[in-house]
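Since the structure comes first, as structure tokens, the remarks are kept for the end.
The values are calculated or read from the model by the stated rules, or taken from the named source; none is laboratory data. Just so you know, these numbers come straight off a predicted model, no measurement behind them. Cβ: placed from backbone, ideal geometry, glycine included. Neighbour counts: every protein chain shown.
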Amino acid sequence: MRRTIMVVVQIVILSIATFICGICRSEAAADEIRITGSTTFAPLVSALKESFVRKNPSIKITFTQSNAADSINALIAGDVDIGCSARHIRVEESDKAEAKGIKFTCHSVALDCVVPIVHPSNDIKSLSLMQLNSIFKGQITNWNEIDYGSDSHIKVIVREKGSAMYDFWQEKIMHEDQISPVSVTFKSNQDIVNIVANDHSAIGYTSFSYLNTHVKAVSLAGFGTFTIPTEYHPLSRKLLMCTNGKHSEALQEFIDFINGPEGKQVMQRAGYISY
């Protein structure tokens, strides 16, 4: 009899412990914010995360790198809480979400600009949209075909298909024209910056936040020297953080932080123009 009571007590204790652990796991899951996005968003999310978690240590924020299409698909699948995109949601993505009962909420958090870049030794100071088109489709192949250009073959550096950066460049610069087949493709802003910084003949493009002294930003003809993104610049774009409309308490706190004055200050310190 005594042994039976002991067994029953052990079972009860084990059940209570299991129940408590289940609650702990649920709370932990609710306090985790999963974010995915391109390299354009990586420094932005890192800065926001550091500042937010400092005041909310119980909330865990994770960031995984992906392109815009994969970010939105991950949000639709429920694999992440925030899908970052530097382009608007496409019709087919909205339809796919609605079929699953999901309605996106997208927050315009910052203003970015896609900036053509060359090596600092390149004497080119500005290029027109038409010249950029001709260079990237392979019609202009030597820098000496442009005023102040040196006699060297142009190496074209581009982002991979599927990235918002590639789509944006295709829309704003290439239109119906195809990128030169001899262009070299890279998966991240940092990769492009690194390549251009070490190649006197290269031209590429990157997010404003990745500019540094190792590359030179090329201004657009007619728009003056490039300094910061503005809505009126032809290559400016909004950076979006999208959710599926279902906000946990932790996620809502983070969204409120981003949209509030403190979040905007963090973005500005990280080199972004809050929007």
Quiz item: Only one of (1) in the same structural domain as VAL118 (by TED's automatic domain parsing); (2) over 15 Å from PHE136 (Cβ atoms); (3) touching a Phe, Trp or Tyr at 6+ places or on another chain (Cβ under 8 Å) fails for THR213. Which number is that?
Solution: (3)
Self-check item: Any hit, region 183-204, residues being modelled with pLDDT of 95 or more, over 15 Å from the mean Cα position of the chain (by Cα) and among the acidic types (Asp, Glu)
Solution: yes
Quiz item: If we keep just the residues of region 174-223 that are β-branched (Val, Ile, Thr) and in contact (Cβ under 8 Å) with a residue 60 or more places away in the chain, which is surrounded by the fewest Cβ atoms within 10 Å (Cβ to Cβ)?
Solution: THR213
Quiz item: Taking region 50-68 only, how many residues are crowded, with 19+ Cβ neighbours inside 10 Å and not in a strand (DSSP E or B)?
Solution: 5
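Looking only at region 34-49, count how many residues are in a strand (DSSP E or B) and closer than 18 Å to PHE168 by Cα.
1
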Quiz item: How many residues does region 154-169 hold that are among the small types (Gly, Ala, Ser) and under 14 Å from LEU239 (Cα atoms)?
Solution: 2
Quiz item: Can you pull out the residues in region 250-275 that are hydrophobic (A, V, I, L, M, F, W, C) and more than 17 Å from the chain's Cα centre (by Cα)?
Solution: ALA250, LEU251, PHE254, PHE257
Quiz item: Residues in region 252-263: is at least one of a type in the set (A, V, I, L, M), in contact with a strand residue (DSSP E or B) (Cβ under 9 Å, 6 or more places away or on another chain) and in the same structural domain as LEU132 (by TED's automatic domain parsing)?
Solution: no
Quiz item: Quick check, is LYS155 at pLDDT 95 or above and either under 15 Å from GLY204 (Cβ atoms) or out of contact with any Phe, Trp or Tyr (no Cβ under 6 Å at 6 or more places or on another chain) (or both)?
Solution: yes
Quiz item: Quick check: anything in region 207-218 touching a strand residue (DSSP E or B) at 6+ places or on another chain (Cβ under 8 Å) and assigned to a helix (DSSP H, G or I)?
Solution: yes
Exercise. Any chance you could count how many residues in region 156-173 are surrounded by 17 or more Cβ atoms within 10 Å (Cβ to Cβ) and among the basic types (Lys, Arg)?
Key: 1
Exercise. Would you be able to say whether some residue in region 234-249 is over 17 Å from the mean Cα position of the chain (by Cα) and either among the hydrophobic types (A, V, I, L, M, F, W, C) or closer than 23 Å to SER163 by Cβ (or both)?
Key: yes
Exercise. Six or more apart or on different chains, Cβ under 8 Å: which pairs go from a residue in region 46-60 that's more than 23 Å from GLY271 (Cα to Cα) to one that's surrounded by fewer than 16 Cβ atoms within 10 Å (Cβ to Cβ)? Could you list them?
Key: ILE59/GLU32; ILE59/VAL53; LYS60/ALA28; LYS60/GLU32; LYS60/VAL53
Practice problem: Give the number of residues within region 191-232 that are under 14 Å from LEU127 (Cα atoms) and not aromatic (Phe, Trp, Tyr). | Solution: 11
